[in-house]
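Q: Got a structure for you, questions after.
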Amino acid sequence: MSQLEQMLDLIERAAVAIARGQGHDFNERCGLEDDPTGECNSDTCVSAYYEDHDALLARDQYRKDARAALSAITIADLTVLAATDIPTTQQTIDLATGEVIAERTVAFTLMPAAPGLCAECATKHDPEQPHDANSLHYQYHFYGNRGRWPDWRDAMAHCADQMRADWTEALTELGVDVAAGKLRP
């Protein structure tokens, strides 16, 4: 797909999302598109806000809105959008007694891995290799997405069977109990 085609596809997807946000179905055929003398009784018609129910005009307007919204996004914005919020527990401790006097769930933001590194574990490895299960980035990224801590089985889940077998054997030789969900010996 060329860059132009990618850009047009992005605009189209954004236009669909904007229409959906307003309760309209961008791809639904308006009853007047098929029969201009008929009527449209759809609550989700893309041209519901237009007096003459001109679906082509409505779709063009959604595309213009999408282009305007997308033109305001910078690379820095995309980095923030790609960040992962990680839930964690914040405790307030009474310094005199050491007791927990308050506890609440808060989130911190895990920024995306640097360019050229694996997006999951923030290390450099071939895609067919396991993620680095000991990487803090991998652990928090996984926890933020799945609500539990990963182990080597998770880090190898995307690998071919032989790759998983080879890594499990090598980790076991190092004293790591992979089957028990251990990360280190």
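The values are calculated or read from the model by the stated rules, or taken from the named source; none is laboratory data. Treat the numbers as computed from the prediction; the structure is a model and nothing was measured. FYI the Cβ positions are ideal-geometry reconstructions off the backbone, even for glycines, and counts take in every protein chain you see.
Q: Which residues, counting only those in the stretch 130-152, are surrounded by fewer than 17 Cβ atoms within 10 Å (Cβ to Cβ) and modelled with pLDDT of 90 or more? Working first, answer last.
A: First, the residues of the stretch 130-152 that are surrounded by fewer than 17 Cβ atoms within 10 Å (Cβ to Cβ): 134, 136, 145-149.
If the condition is that a residue be surrounded by fewer than 17 Cβ atoms within 10 Å (Cβ to Cβ) and modelled with pLDDT of 90 or more, then Asn134, Leu136, Arg148, Trp149 are the ones that fit.
Q: Right, another one. In this structure, does Arg20 turn out to be at negative phi, assigned to a helix (DSSP H, G or I) and not assigned by TED's automatic domain parsing to the domain that holds Tyr140?
A: Yes; evaluated as a whole, the condition is true for this residue.
Q: Tyr138 versus (1) assigned to a helix (DSSP H, G or I); (2) out of contact with any helix residue (DSSP H, G or I) (no Cβ under 8 Å at 6 or more places or on another chain): which is the lone unmet condition?
A: With (1) assigned to a helix (DSSP H, G or I); (2) out of contact with any helix residue (DSSP H, G or I) (no Cβ under 8 Å at 6 or more places or on another chain) applied to Tyr138, the lone miss is (2).
Q: Consider the stretch 58-115. How many of its residues are farther than 30 Å from Asn27 by Cβ and of a type outside the set (A, V, I, L, M, F, W, C)?
A: Residues in the stretch 58-115 being farther than 30 Å from Asn27 by Cβ and of a type outside the set (A, V, I, L, M, F, W, C): 19 in total.
Q: Okay, next question. Restricting to the stretch 141-185, give me the number of residues that are part of a helix (DSSP H, G or I), under 21 Å from Thr88 (Cβ atoms) and not aromatic (Phe, Trp, Tyr). I'd like the intermediate steps shown before the answer.
A: The first filter runs over the stretch 141-185 and keeps only residues part of a helix (DSSP H, G or I), leaving 141-146, 152-155, 161-173, 178-180.
Filter once more, so that each one left must be under 21 Å from Thr88 (Cβ atoms): 141-146, 154.
Checking which are not aromatic (Phe, Trp, Tyr) leaves us with 141, 144-146, 154.
The total comes to 5.
Q: Within the stretch 43-60, track down each residue that is among the small types (Gly, Ala, Ser) and in contact with a helix residue (DSSP H, G or I) (Cβ under 6 Å, 6 or more places away or on another chain).
A: Within the stretch 43-60, the first condition is being among the small types (Gly, Ala, Ser), and the residues that meet it are 47-48, 55, 58.
The answer is Ser47, Ala55.
Q: Hey, could you check the stretch 32-49 for residues that are β-branched (Val, Ile, Thr) and within 30 Å of the chain's Cα centre (by Cα) and say which is farthest from Tyr62 (Cα to Cα)?
A: So the residue we want is Thr44.
Q: Please give the number of the condition Arg63 fails out of (1) assigned to a loop (DSSP other than H, G, I, E, B); (2) over 17 Å from Val178 (Cβ atoms); (3) in contact with a helix residue (DSSP H, G or I) (Cβ under 8 Å, 6 or more places away or on another chain).
A: Going through the list (1) assigned to a loop (DSSP other than H, G, I, E, B); (2) over 17 Å from Val178 (Cβ atoms); (3) in contact with a helix residue (DSSP H, G or I) (Cβ under 8 Å, 6 or more places away or on another chain), Arg63 breaks only (1).
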